[in-house]
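Participant: Could you have a look at this structure, given as structure tokens, before my questions?
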Amino acid sequence: MLKYDSSKSGHRFALLYQLSQTFCSSLDLTDVLDRVMDEVLKAVKAERGFVAIWNEDGVLEFRSARGLNQTTIEQPEFEISRSVVKEVAKSGKGVCISDAQSDIRFRKRRSVLDLQLRSILCAPLKLKDNILGVIYIDNRMMAGIFTEKDLELLNAIASTAVIAIENARLYQIAVEKGRMEHELQMAYRVQSSLIPQDMPKIPGWEFAACWQPARQVSGDFYDFISDSNRRMKFIIADVTDKGMPAALFMAMTRTIVRASCDELESLAAGITRANQLICSDSALSMPVTLFACKVNLDTGQLIYVNAGQNPPIYYKSEEGKFINLTRTGMFMGFEENAEFQQESIHLKPGDIVVCYTDGVIDAVNKQWEAFDIDRFMAVIEENVCASAKELLEAIEEAVCNFIADVLPYDDLTVLIIKRVGTVQ
């Protein structure tokens with residue numbers, strides 16, 4: 001390490017060059033700051049040095065606190081003149097104090113008195129007009145050992161250090177973003193594995209479904225469960241939140257609903273039990289809207305429970321009439337003692353039930369117009385004679401054309417049940 005002589009500008013440039021190499025030797029922010037502080041303490045003959053950086057909450061956070069012999073200082077927030085640090089961090093101007101005990105600006109400050117501070121230097125870490133934090137050094141033993149030349153040097157070091165700090169910070173953000181992207185990709189794979197990939201193939205029936213997360217993961221899901229008595233249960237649900245919390249809650253909800261509906265013969269009893277478990281087992285319960293139905297594949301009887309979900313659209317082919325399968329209970333995950341009723345309809349050949357989440361009708365275009373229920377109904381009406389798969393494709397195409405290149409705001413899930421003939 002070059003010994004610094006403030007009277008020789010050549011020594012100053014040599015020192016700054018050496019320190020710039022130190023700054024660039026690592027992208028680990030803590031490692032860089034510790035090295036910088038060790039070199040600064042040697043250069044200006046200081047007893048202690050600290051680096052504090054503004055965090056996301058607007059609090060100055062100590063990232064390096066070093067003493068003589070490269071020792072780390074514990075609880076640095078109680079070891080410095082907080083008044084000096086705050087002044088420099090707010091004003092963006094460095095401070096040189098020859099004797100804090102006699103300086104009229106700081107001699108009455110409790111931290112100055114209690115710590116018996118004497119010589120202090122403090123310089124801002126300034127990137128253009130943005131103050132990232134401060135470098136602070138002091139000496140409690142001697143007064144008058146720091147000069148304006150030392151402050152100039154510290155300002156110069158700070159100007160070089162701030163670039164390294166920003167590079168290290170951006171690198172950490174990039175690493176964290178990459179890690180998060182990888183975790184989200186894995187979460188998507190896990191979540192998508194919970195969504196049925198292949199539709200049941202049953203003579204006399206057609207089924208189709210789509211699941212389109214607005215982000216990497218989704219709060220929507222659909223499911224179907226078959227049993228040995230030629231009955232099938234279909235479920236579509238929407239956790240009313242977004243991102244990873246909704247995705248995790250979605251996985252839990254799916255598991256609970258599946259288990260409850262398998263355990264109890266009555267669909268209403270199964271959903272009631274599932275709601276009790278969701279409410280009692282989660283301290284951070286999220287509202288869940290859900291439509292569940294049980295279809296007798298021989299008779300066409302469909303028993304359903306609508307727990308706050310958008311009413312599925314039931315098309316009665318004989319009458320050419322559309323009916324909404326309205327709610328039979330409140331949304332799940334809110335009231336543990338909520339009661340759910342079940343209703344039933346009878347599907348005949350040509351009849352269709354279209355279940356959907358609000359990502360369909362709430363999809364918006366550039367003009368912030370919603371796709372809305374009327375456009376949705378029009379697509380269904382135009383395709384009632386199509387197969388379930390063709391109807392689904394028409395819905396997806398209509399929504400896609402409507403929003404154009406606008407990124408979807410909400411998850412989009414559709415589940416279609418169509419009876420096409422009697423079972424022989």
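The values are calculated or read from the model by the stated rules, or taken from the named source; none is laboratory data. Model, not experiment: these values are computed from the prediction. Every residue, glycine among them, receives a Cβ derived from its backbone with ideal geometry; neighbour counts consider all protein chains shown. Please note that ligands, DNA and RNA were not included when accessible areas were found on the heavy atoms of the full protein model with its side chains. Shrake-Rupley method; radii C 1.70, N 1.55, O 1.52, S 1.80 Å.
Participant: Please compute P(r) over all alpha-carbon pairs of the chain, binned at 20 Å starting from zero, and give each bin as a whole-number percent.
Facilitator: 22, 31, 19, 21, 5, 0
Participant: To continue, here is another question. Taking the solvent-accessible surface of protein heavy atoms with a 1.4 Å probe, what is the per residue accessible area of the chain in Å²?
Facilitator: That works out to 50 Å² per residue.
Participant: Right, another one. Which whole-number percentage describes the relative contact order of the chain, with Cα contacts under 8 Å and a sequence gap of 6 or more? List each step's numbers first, then the result.
Facilitator: Working: 829 pairs, mean separation 50.7, N = 424.
About 12 percent, as a whole number.
Participant: For segment 231-244, just list the computed ³J(HN,Hα) in residue order, Karplus coefficients 6.51, -1.76 and 1.60, θ = phi - 60°, integers in Hz, with x standing in for Gly and Pro.
Facilitator: Along segment 231-244, the couplings run 10, 10, 9, 10, 9, 9, 8, 9, 7, 7, 7, 10, x, 4 Hz.
Participant: Could you give me D for segment 166-227, from Stokes-Einstein at 10 °C and 1.306 mPa s, where the hydrodynamic radius is the Kirkwood radius over C-alpha pairs? Units µm² s⁻¹, please. Kindly include the intermediate steps, with their values, before the conclusion.
Facilitator: On the way: Rh = 14.6 Å.
Estimated via Stokes-Einstein, D reaches 109 µm²/s.
Participant: Then there is this: Just 371, 331, 62 to compare: in a GNM of the chain, with alpha carbon springs under 10 Å, which one fluctuates most?
Facilitator: Per the Cα network of the chain with a 10 Å cutoff, 62 tops the list.
Participant: Going Cα to Cα from residue 233, which lysines come in below 21 Å? Please leave out same-chain ones fewer than 8 positions away.
Facilitator: Output for residue 233: 201, 294, 316, 348, 389, 418.
Participant: A further question on this structure: I need the trypsin sites (Lys or Arg not before Pro) found in segment 321-366, filtered to DSSP loop residues with at most 12 other beta carbons within 10 Å of theirs. Mind showing how you got there, number by number?
Facilitator: Working: sites: 321, 327, 366; in loops: 327, 366.
When the trypsin sites (Lys or Arg not before Pro) of segment 321-366 are filtered for loop state and at most 12 Cβ neighbours within 10 Å, 366 remain.
Participant: Here's something else I'd like to know. Can you give me the P(r) profile for segment 186-281? Cα pairs, bins 10 angstrom wide beginning at 0, each as a whole percent.
Facilitator: The distribution over segment 186-281 is 14, 44, 33, 8, 0, given as percents.
Participant: Can you return the lysines within cross-link range of residue 126? Criterion is Cα-Cα under 20 Å, with same-chain partners fewer than 8 residues away left out.
Facilitator: 86, 90, 93, 149
Participant: Ordered by packing density, taken as the mean number of other Cβ atoms within 10 Å over each peptide's residues, highest first, how do 202-208, 117-123, 347-353 rank?
Facilitator: 117-123, 347-353, 202-208
Participant: Among the aspartates and glutamates, select those whose C-alpha is under 13 Å from the C-alpha of residue 128, and discard any that sit fewer than 8 residues away in the same chain.
Facilitator: Residue 128 reaches 166.
Participant: Something else about it: Volume per residue, Å³, of the convex hull around the alpha-carbon atoms of segment 226-374?
Facilitator: In segment 226-374, the Cα convex hull volume per residue is 118 Å³.
Participant: Now a separate question. Over the C-alpha atoms of segment 306-402, what are the Rg and the largest Cα-to-Cα span, Dmax, in Å?
Facilitator: Every Cα atom of segment 306-402 included, Rg and Dmax give 15.2, 43 Å.
Participant: Given the -39500 (n - 2.57) contribution per DSSP H run of 4+ residues, what per-residue ellipticity at 222 nm results for the chain, rounded to the nearest 500 deg cm²/dmol?
Facilitator: My calculation for the chain gives -12500 deg cm²/dmol from helical runs alone.
Participant: After finding the eigenvalues of the alpha carbon gyration tensor for segment 311-353, what semi-axes result from the square roots of 5 times each, listed largest first in whole Å? Working shown, then result.
Facilitator: Details: eigenvalues 161, 18, 9 Å².
Those come to 28, 9, 7 Å.
Participant: Which residue fluctuates the most in the chain, going by a Gaussian network model with Cα springs under 10 Å, if the choices are 367, 309, 301?
Facilitator: 367
Participant: For the chain, with a Gaussian network of springs between Cα atoms less than 10 Å apart, report the residue from 58, 270, 359 with the top mean-square fluctuation.
Facilitator: Maximum fluctuation in the GNM of the chain, among the listed residues, is at 58.
Participant: With a 1.4 Å probe and every protein chain kept in, tell me what percent of the accessible surface of the chain is carbon plus sulfur.
Facilitator: 50 percent
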